[in-house]
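Below is one structure, written out as structure tokens; comments come after it.
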Amino acid sequence: MTKLYIPVLAGTTREQRKSIYAARLVAEVGSTFDDVETEVIDPKDYYFPGDGNDPEAKDARYTAVTERAEGFFIVFPEYNHSFPGTLKRMLDSELANYIHKPVTYGGVSAGPWGGIRGIESIINPARELGLVSTFTDMQFPHINDLFDDNGTLLNEKYRDYVKGAWVELIWM
């Protein structure tokens, strides 16, 4: 049986980012499904010059990820009621490779809303890119209380919450 390749896209390059802990958890839970292959795609590891979907604005390694992917789980912090520019730039570098592929969102925030406003703001651009958003999102509120300084999960219930988001994404 061929596994579904569904990468977890981390949404920021900020030095003190805690959202990377959530992205790693999402990938860890995704890897527990027998029919899924996943990995964290960290924008720190890629180069996206310029703007848009022009050939010179692409990183060939990221293009290969998006070509191979059968869906995406995007985990990102909420910045000013939206999503990070780093994520927008990364997503904008491709177009054809997203069309009709499902996507689930994981919003991260230091406050009580778990990045929900960031998730709301990414829906329209994702739709324009051809991505199909799932019904189930994942929120990580109070991120500083969910993981310790080493990235260890402090509330094991979140594994089940993340698993539920994966179930729908895999179904799509």
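Restrict the check to segment 161-172 and report whether at least one residue is among the charged types (D, E, K, R), touching a residue at least 12 places away in the same chain (Cβ under 8 Å), closer than 24 Å to V36 by Cβ and not in a helix (DSSP H, G or I). Scanning segment 161-172 turns up no residue that is among the charged types (D, E, K, R), touching a residue at least 12 places away in the same chain (Cβ under 8 Å), closer than 24 Å to V36 by Cβ and not in a helix (DSSP H, G or I). A single entry from Y105, Y62, Y79 fulfils the requirement of being under 20 Å from T13 (Cα atoms) and open to solvent by 20 Å² or more (accessible area, probe 1.4 Å): Y79.
Contact map, segment 20-33: first residue within 15 Å of N144 (Cα to Cα), second residue in a loop (DSSP other than H, G, I, E, B) and open to solvent by less than 10 Å² (accessible area, probe 1.4 Å), Cβ cut-off under 9 Å, separation 6 or more or different chains; pairs are I20/T12; A23/G11. So which residues in segment 147-160 are open to solvent by less than 60 Å² (accessible area, probe 1.4 Å) and assigned to a helix (DSSP H, G or I)? Correct list: Y158 only. Restricting attention to segment 28-71, the residues being under 17 Å from L129 (Cα atoms), assigned to a helix (DSSP H, G or I) and modelled with pLDDT under 95 number 2. The condition of being open to solvent by less than 40 Å² (accessible area, probe 1.4 Å) and in contact with an Asp or Glu (Cβ under 8 Å, 6 or more places away or on another chain) does not hold for G111.
When segment 80-92 is filtered for residues that are touching a residue at least 60 places away in the same chain (Cβ under 8 Å) and of a type outside the set (A, V, I, L, M, F, W, C), the ones remaining, listed by number, are P84, T86. A search for C-beta distances below 8 Å between a residue of segment 59-71 that is closer than 14 Å to D92 by Cα and any residue that is of a type outside the set (D, E, K, R) and part of a helix (DSSP H, G or I), counting only pairs 6+ apart in sequence or on different chains, returns Y62/M90. Pairing each residue of segment 132-146 that is open to solvent by less than 50 Å² (accessible area, probe 1.4 Å) with any residue that is of a type in the set (K, R), provided the two are 6+ apart or on different chains, yields C-beta distances under 8 Å for S133/R127; I143/K18. Considering I119, I99, I74, I123, the condition of being surrounded by 16 or more Cβ atoms within 10 Å (Cβ to Cβ), on the phi < 0 side of the Ramachandran plot and not in a strand (DSSP E or B) is satisfied by I119 alone.
Out of E94, E67, E128, E120, one residue alone is of a type outside the set (K, R), more than 16 Å from M172 (Cα to Cα) and touching a Ser or Thr at 6+ places or on another chain (Cβ under 8 Å). It is E94.
When the residues of segment 1-43 are filtered to those that are in contact with a helix residue (DSSP H, G or I) (Cβ under 9 Å, 6 or more places away or on another chain) and open to solvent by 70 Å² or more (accessible area, probe 1.4 Å), the one that is nearest to M172 (Cα to Cα) is E37.
Scoring D149 on the criteria (1) touching a residue at least 40 places away in the same chain (Cβ under 8 Å); (2) of a type in the set (D, E); (3) over 20 Å from T104 (Cα atoms) leaves a single failure, condition (1).
The values are calculated or read from the model by the stated rules, or taken from the named source; none is laboratory data. As the structure is a prediction and not an experimental result, all values here were calculated from the model. Don't worry about glycine lacking a Cβ; one is built from the backbone with ideal geometry, like all the others, and counts go over all protein chains shown. Calculation scope for accessible area: heavy atoms of the full protein, side chains included, ligands and nucleic acids excluded. Shrake-Rupley method; radii C 1.70, N 1.55, O 1.52, S 1.80 Å.
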